[in-house]
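Below is one structure, written out as structure tokens; comments come after it.
The values are calculated or read from the model by the stated rules, or taken from the named source; none is laboratory data. What you see is a predicted model, and the numbers here were worked out from it, not measured in a lab. For neighbour counting, all protein chains shown are included, and Cβ atoms are generated from backbone atoms with ideal geometry for every residue, glycine included. The accessibility values were calculated without ligands, DNA or RNA, using every heavy atom of the protein model including side chains. Shrake-Rupley method; radii C 1.70, N 1.55, O 1.52, S 1.80 Å.
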Amino acid sequence: MSVYTRLKQVVGEKGFSEDPADIAPYLKEWRGKYEGHTPLLLKPASTDQVSAILTICHETGTALVPQGGNTGLVGGQLPLRGEVLLSLTRMNKIRGIDTAGMTLTAEAGVTLAGAQQAAADVQLLFPLTLASEGSCTIGGNISTNAGGNHVLRYGMMRALVLGLEVVLADGRVLPMLKSLIKDNSGYDLKQIFVGAEGTLGVITAASLKLFPRPAQTVVAFAAIPDPQAAVMLLSLLQGETGGMLSAYELIPRFGMDLVLKHIPGTRDPLAVPSPWYVLIEVAGGAQNLDVLTAAALEEAMGQGLITDGLVAQNQAQVRELWRIRETISEGQKREGASIKHDISVPVTAIPAFVEKATAAVLAAFPGARPCSFGHAGDGNLHFNFNAPVGRDAEFLAQWDEIQLVVHDIVKEFAGSISAEHGIGTMKRDLLPRYKSHEELDAMRMLKQAFDPKNILNPGKLVPTVKRL
Ligand code: FAD
Ligand code: ZN
């Protein structure tokens, strides 16, 4: 019996497709940068089925690519070499919620929005928030160690995972689905699979940490002169609110212009244009958090850190302000070609980094239009550039050069070339330029130990070249 026939038998009729039309949506990613191809899509419904699939794949040396919601931005979730595609989306049950212990156990295919809703239904909070939350899955969030808007307060996905159920490359199941806050009983094996992008095992379920729902959430918007003011304002706000900041997003004027131009129904919340803005979210149980936030902004204005600002007065205004931040990517896309970098540097290095790296890109490609925005509160910027008007193709042809210019400066500032999106295919061969031989060797040792036949997402994450 052929290996594909055996795999199809494991999942039954509802659990596979060989029809190119059915499979097509699983093979294209959001940015349209990569396209995969596969003879077989498998959609297992249980951990037992995943285990049986991997047992067969291991025995026969059949490669496969795990996929969640297919919202990854580095091409990690696509079968680029014709591997079998393993979609976890049918494994979408919430297995349980412990309200007193504040934990939630979800299968890998539960969407992030589904997990958030399950927590909200019992008046608790699952704090991870991404613009892709309607489609991305808990398994994908863990495998990419996703970040997003609330990392400043709650940490990345890694900090929210208490336990995991993982199927190893040879089909054995690692039963690590505990809900413990404290567990020092040896190596923290679950963490090895967080951010591993499906190269070390297949995650089938997770126990996640929940939080009390903040009684009050205040959203404010401030015009600031420059990124230096953003860093100083951050520290002022942390102090004045007693650490209640839950989001702190930097927005450049050009980003605002793109939103106003391309996204229907948006408007500039402030009267006078400013070179930079920050979107501020403060959340907690304290009374009068809005008064506290407004007072902190007054003080910042007195110090010249902000030139104008407002505190949202109602939910509609909150949504309007967040919509500006959330639609910058879409605005960039509609404007034309762009080159993007998902980088982080220490928070205090943001101003110097932005100045140096922007100047270097403009020297390499005069006329490029900087659009650096994002999670300034944790040092992560989406350090992006739009092409000069009418020069899309010429600009994109310089992708590799521009990327190196930016990433080399990231390295000078002891930063990271992938803050939250991962490595996947896109950045795989860049790693040797930015990580030590020792780190790369340790990564290869892990890969070899967990997946000796190289059947799990081969060709992703672990570099194949020595040094660029
Ligand atoms: P997929 O894209 O399907 O897969 C991602 C990787 O995980 C692949 O390598 C895949 O092989 C692996 N994988 C998936 N499921 C499993 C599993 N069960 N077991 C083992 N491996 C698995 N990311 C951020 O961090 N922050 C953001 O703010 C953010 N904003 C975004 C906004 C938009 C509009 C879009 C399109 C994407 C954004 N992303 C962001 C990126 C993306 O949403 C995240 O990386 C997300 O965590 C991916 O989840 P997914 O279920 O779609 O995974
Ligand atoms: Zn982001």
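Structural remarks
- Filtered GluC sites (Glu not before Pro), segment 1-97: DSSP coil and at most 13 other beta carbons within 10 Å: Glu18
- Area of Ser344 that stays accessible when all protein chains are in place (1.4 Å probe, Å², to 10): 30
- Charge dipole (Cα centre; +1 on Lys/Arg Cβ, -1 on Asp/Glu Cβ; no other charges) of segment 113-196 amounts to roughly 180 debye.
- Tilt relative to the chain, helix 437-450 - C-alpha long axis, 0 to 90 degrees, to 10: 40
- Set of lysines with alpha-carbon distance to Lys453 below 18 Å, sequence-local pairs under 8 removed: none
- For segment 284-431, the C-alpha radius of gyration divided by 2.2 N^0.38 Å, with N the number of residues, is 1.23.
- Partner aspartates and glutamates for Lys182 [C-alpha distance under 20 Å; skip if fewer than 8 residues away on the same chain]: Asp98, Glu165
- Between 0 and 90°, nearest 10: helix 350-364 axis offset from the chain longest Cα axis: 80
- Segment 187-307, relative contact order in percent, only Cα pairs under 8 angstrom and at least six apart counted: 39
- The mean accessible area for residues of segment 266-383, using a 1.4 Å probe and ignoring ligands and nucleic acids, is 40 Å² per residue.
- Under 15 Å from Lys333, Cα to Cα: aspartates and glutamates that are on another chain or at least 8 residues apart: Glu29, Asp257, Asp392
- For Val166, the amide hydrogen comes within under 5 Å of the amide hydrogens of Leu174, Met176, Thr204, counting only partners 5 or more places away or on other chains and with H modelled in the peptide plane.
- For segment 302-312, putting each phi into the Karplus relation 6.51 cos²θ - 1.76 cosθ + 1.60 with θ = phi - 60° gives couplings of x, 8, x, 7, 10, 9, 6, x, 8, 10, 4 Hz, in residue order, rounded to whole numbers and with x for Gly and Pro.
- For the chain, share of DSSP beta bridges that run antiparallel, in % to the nearest 5: 90
- Amide H to amide H, with H built 1.01 Å from N, Cys371 comes under 5 Å of Asn384, Phe385, Asn386, counting only residues 5 or more places away or on other chains.
- Near Met301, once Lys and Arg are set to +1 and Asp and Glu to -1 for all other residues with Cβ below 15 Å from its Cβ, the sum equals -4.
- Only protein heavy atoms count here; under a 1.4 Å probe, Lys447 has an accessible surface of about 20 Å².
- In this structure the amide hydrogen of Leu210, modeled in the peptide plane, comes within under 5 Å of the amide hydrogens of Thr103, Leu104, none closer than 5 places in sequence on its chain.
- Across segment 455-466, computed HN-Hα scalar couplings (Karplus, 6.51 cos²θ - 1.76 cosθ + 1.60, θ = phi - 60°) run 9, 8, 6, x, x, 9, 6, 7, x, 9, 8, 7 Hz from first to last residue, x flagging Gly and Pro.
- Relative to the dominant Cα principal axis of the chain, helix 47-60 is inclined by about 60°.
- Loop chymotrypsin sites (Phe, Trp or Tyr not before Pro), segment 18-125 (other Cβ atoms within 10 Å of the site Cβ: 15 or fewer; DSSP): Trp30
- Net charge, Leu80 excluded, C-beta distance under 15 Å - Lys, Arg +1, Asp, Glu -1: +2
- Computed with the Debye formula from one identical point scatterer per Cα of segment 24-141, without solvent, the log10 of I(q)/I(0) at q = 0.09, 0.14, 0.23 Å⁻¹ comes to -0.28, -0.63, -1.24.
- When only Cα pairs below 8 angstrom with a gap of at least 6 residues are kept, the chain shows a relative contact order of 15 percent.
- Where Rh is the Kirkwood radius over Cα pairs, Rg/Rh for segment 359-401: 1.03
- Exposure of Arg267 as accessible area (Å², to 10), given a probe of 1.4 Å and all protein chains: 120
- For segment 420-468, GluC sites (Glu not before Pro) are listed when DSSP marks them as loop and at most 16 other Cβ atoms sit within 10 Å of their Cβ; the list is empty.
- Across segment 78-94, computed HN-Hα scalar couplings (Karplus, 6.51 cos²θ - 1.76 cosθ + 1.60, θ = phi - 60°) run 10, x, 7, 10, x, 5, 5, 9, 10, 8, 8, 5, 7, 8, 10, 9, 7 Hz from first to last residue, x flagging Gly and Pro.
- Taking a quarter of the surface of the Cα convex hull of the chain gives a mean projected area of 22.7 nm².
- Size of electric dipole in the chain: Cβ of Lys, Arg +1 and of Asp, Glu -1, about Cα centre, debye, nearest 20: 880
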